[in-house]
1. What do you reckon, is residue 273 over 22 Å from the mean Cα position of the chain (by Cα) and either assigned to a loop (DSSP other than H, G, I, E, B) or in contact (Cβ under 8 Å) with a residue 12 or more places away in the chain (or both)?
2. Just give me the residues in the range 39-54 being within 13 Å of the chain's Cα centre (by Cα) and at pLDDT 95 or above, in sequence order.
3. Tell me, please, whether a residue that is modelled with pLDDT under 95 and in a loop (DSSP other than H, G, I, E, B) can be found in the range 171-186.
4. Take residue 212 and tell me if it is in the same structural domain as residue 180 (by TED's automatic domain parsing) and touching a helix residue (DSSP H, G or I) at 6+ places or on another chain (Cβ under 6 Å).
5. When the range 157-182 is examined, which residues are found to be buried (at least 17 other Cβ atoms within 10 Å of the Cβ) and farther than 22 Å from residue 115 by Cβ?
6. What is the number of the single condition among (1) surrounded by 13 or more Cβ atoms within 10 Å (Cβ to Cβ); (2) modelled with pLDDT of 95 or more that residue 131 does not meet?
7. Within the range 249-262, which residues are surrounded by fewer than 16 Cβ atoms within 10 Å (Cβ to Cβ) and within 17 Å of residue 221 (Cα to Cα)?
8. Among the numbered criteria (1) within 30 Å of residue 231 (Cβ to Cβ); (2) in a helix (DSSP H, G or I); (3) touching a helix residue (DSSP H, G or I) at 6+ places or on another chain (Cβ under 9 Å), which single criterion is violated by residue 147?
């Protein structure tokens with residue numbers, strides 16, 4: 001699923017938020033989304049298939065990835081535990097022009113970080129950032145590690161590109177995809193049809209299905225069901241609403257079908273998911 005994530009990550013005076021994700025997490029299968037913040041991802045166990053716009057990479061235990069601003073991203077885990085650190089890059093500005101130039105270029109998308117770092121020093125720094133923020137470490141240490149990390153990247157200029165990871169042709173597709181799936185995010189609780197989604201894209205239903213599958217690896221209807229189930233899972237854990245009310249709120253008109261669909265994606269019933 002794809003949506004523009006608008007939420008505040010972390011506190012206003014320390015905008016860094018760590019997400020620890022395993023099979024019990026509502027967002028275990030990472031919904032396709034994008035945000036203005038940057039994001040670091042690392043895999044602790046298992047395998048994670050990560051898609052950035054329409055580029056796919058396989059990550060295994062010990063691997064990491066960098067998600068640039070405004071990049072549509074989502075992931076499919078396999079027996080996986082992974083962590084995501086979302087942060088406001090502007091918070092790291094120092095007031096020094098030589099230091100802030102790189103940050104400004106990243107914020108304005110005049111340059112982009114290499115998405116799949118494999119160089120040992122860079123990976124070590126990424127893991128150190130996760131470890132420090134994971135133990136509620138000192139903000140001074142977290143910010144210091146980030147500055148060291150950016151300094152290392154700036155020094156090794158091959159980790160920075162002034163060309164977008166996607167071609168201009170692909171960028172147009174990504175923009176179209178964002179428009180369509182913003183519509184889905186805002187209307188998932190209603191009766192959304194394939195015809196509706198194709199109309200928002202300005203495509204025929206047949207072409208829209210091909211376009212959607214090429215960009216996301218899944219069908220529009222499967223995407224819609226996955227998104228509805230994720231939203232339902234969040235409501236099951238975060239509210240006292242009945243499963244029936246949650247089903248209707250998330251666009252399911254039949255409770256039996258909701259239970260069946262939920263179990264297909266989460267491998268347990270809504271009741272078991274809430275209890276466990």
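1. Yes; evaluated as a whole, the condition is true for this residue.
2. The initial filter retains those residues of the range 39-54 that are within 13 Å of the chain's Cα centre (by Cα), namely 39-42, 48-53.
Residues satisfying the conditions are 39, 40, 41, 42, 48, 49, 50.
3. No, the conditions are met nowhere in the range 171-186.
4. Spelling it out, residue 212 is indeed in the same structural domain as residue 180 (by TED's automatic domain parsing) and touching a helix residue (DSSP H, G or I) at 6+ places or on another chain (Cβ under 6 Å).
5. 180
6. Residue 131 satisfies every listed condition except (1).
7. Of everything in the range 249-262, those that are surrounded by fewer than 16 Cβ atoms within 10 Å (Cβ to Cβ) and within 17 Å of residue 221 (Cα to Cα) turn out to be 253, 254, 257, 260.
8. (1)
The values are calculated or read from the model by the stated rules, or taken from the named source; none is laboratory data. These figures come from a predicted structure and were not determined experimentally. Heads up, the Cβs are rebuilt from the backbone with ideal geometry, glycines too, and the neighbour counts pull from every protein chain shown.
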